[in-house]
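Participant: Mind looking over this structure? Questions follow.
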Amino acid sequence: SAFCNAGFDITSQSMIGVRSHPASYLGIMPMIILGGLGFIVLEDVYRQSRDRARGWRDRIRLTTHSKIILATTAGLLFGGFAIIFITQATASGTVSGQTVLDAAFMSTTARTAGFTSVPMHELSSGSRFVLMALMAIGGSPGSTAGGMKTAVFAVLVLAIVSTVRGRSDVEVF
C-alpha cells in the first residue's frame, strides 16, 4: 500500500495508533518515496549505481528527467517538512521529537500516499494548506502516485523563473 501510494488502511486509524513508534515509519516512508519517484527514475538510478559499482565512471549519467524528478522530490519533501514543522511548532508552542517525526511523515505521505499520523483536527491551518498543495502536486510520471505530477510542477516553476529573468526559453541543468 505504501509503495503503490494507495493509502489503504485496515485499522481505520491510519498511522495514528503507532504515532509514537518511529520504527514503524522507517519502512513506510522510503516505500512511499520510491513508489512516488516512478519506474523510469528507479531504473535510471539502478543503472547508474550498477555502472558505478562496475567502475564505469565515464558512462554514469542520469537523464534530465531523472534529475528533475529527484531534485523536485527532494525540494518538496524538505520544503514541506520545514513548513509543516514551523507551522505546527508555532501553533502548539512546543517542539519535540514527535513534532519533527510528524512533520517528516506528513510531508512524505501527503503527495498521494494517503496515510496520516496526526488527526486532522490537531493540524494547524498552515499545515493543512501545505498538505493540500503537496496533494495537488502528487508523484512523478510513471509512478504509482496521482496528482498533477512533479515534472509538471517543476516545468511550471522553471517557466516562471525564466519569465522573471526575461528569457524566452526554459532551461534546466
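Participant: Leaving out ligands and nucleic acids, and using a 1.4 Å probe, what accessible area per residue does the chain come to in Å²?
Facilitator: Solvent-accessible surface per residue comes out at 56 Å².
Participant: Probe radius 1.4 Å, ligands and nucleic acids ignored: give me the carbon and sulfur share of the accessible area of region 7-88 as a rounded percent.
Facilitator: The C+S portion of the solvent-accessible surface of region 7-88 is 65 percent.
Participant: Separate question: Excluding Tyr46 itself, calculate the net charge of residues whose Cβ lies under 13 Å from the Cβ of Tyr46, where each Lys or Arg counts +1 and each Asp or Glu counts -1.
Facilitator: Around Tyr46, the charge tally is +1.
Participant: Can you give the Kirkwood hydrodynamic radius of region 100-146 from its Cα pairs, in Å with one decimal?
Facilitator: 11.0
Participant: Sticking with this one: Rounding to the nearest 10 and keeping the result within 0 to 90°, find how far the Cα-based axis of helix 150-164 lies from the longest principal axis of the chain.
Facilitator: Around 70 degrees separate the two axes.
Participant: Just to make sure I understand: if all protein chains stay in place, what is the order of His21, His121 by accessible area at 1.4 Å, largest first?
Facilitator: His121, His21
Participant: Would you mind classifying the chain by shape? Square roots of the alpha carbon gyration tensor eigenvalues, ordered a ≥ b ≥ c; an a/c under 1.5 is rounded, otherwise it is prolate if a/b is larger than b/c and oblate if not.
Facilitator: oblate
The values are calculated or read from the model by the stated rules, or taken from the named source; none is laboratory data. Because the structure is predicted, anything quoted here is derived from the model rather than measured. Cβ coordinates were reconstructed from backbone atoms using ideal geometry, including for glycine residues, and neighbour counts include every protein chain displayed. With ligands, DNA and RNA removed, areas are computed over all heavy atoms of the protein, side chains included. Shrake-Rupley method; radii C 1.70, N 1.55, O 1.52, S 1.80 Å.
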